[in-house]
Amino acid sequence: MSEPNSDRKRFDRNRVLMYWPSVIQIAFTLVISVTLWLALDVVSAKSALLGGMVVIIPYLYFAARMQPLLGKSDSGKFLRAIAIAEIGKLILTAVCCAVVFVWVKPLSGLAFFASMVVVYFSGHMSLIFVIRHTT
């Protein structure tokens, strides 16, 4: 039988794994935006910042939807919740992109999409790094 303290440690580790990518994504977004602001112009920096936020906001939604299910043992409920949260994340990403393209003028498409791609993959790479170094 496992100790209650070890279950608590596992839950805390899962919570760190859930939110760690968003911390890395925020850092990458800020670094990209400041770099573009210093190297190019304000429009590129703003576009990169918005591109990063379009990735971060849906990820935080996903993490918040999954948070209550950490440590639960019902796999069917967990898989259903992942599917619903992922669909919500995709819809939220599409809505955020539409809002940015409709309301933000001027916008640098290259900076926007490049930032989206870099921030998206930085979150996944950070998760792989954390899992590899904590197990």
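Footprinting exposure proxy ranking of THR35, THR29, THR93, fewest other C-beta atoms within 10 angstrom first, gives THR35, THR93, THR29.
Taking all Cα pairs closer than 8 Å and separated by 6 or more residues, the relative contact order of the stretch 19-135 comes to 43 percent. With each pseudo-label sitting 7 Å past Cα toward Cβ, what's the ALA81-ILE128 distance in nm, one decimal? Going by the 7 Å Cα→Cβ label model, 2.7 nm.
State the extension gain, in nm to one decimal, for the chain segment bounded by LEU30 and MET66, taking 0.36 nm per residue of separation less the distance between their alpha-carbons.
Full extension of this stretch gives 10.4 nm more.
In the stretch 10-111, which trypsin sites (Lys or Arg not before Pro) fall in coil by DSSP and have 14 or fewer other Cβ atoms within 10 Å? Sites meeting the loop and neighbour criteria: LYS72.
Where a number appears in this text, it was derived from the coordinates with a stated rule and is not lab data. For clarity, every value in this text was computed on a predicted model and none was experimentally measured. All Cβ positions, glycine included, derive from the backbone under ideal geometry; neighbour counts span all protein chains shown.
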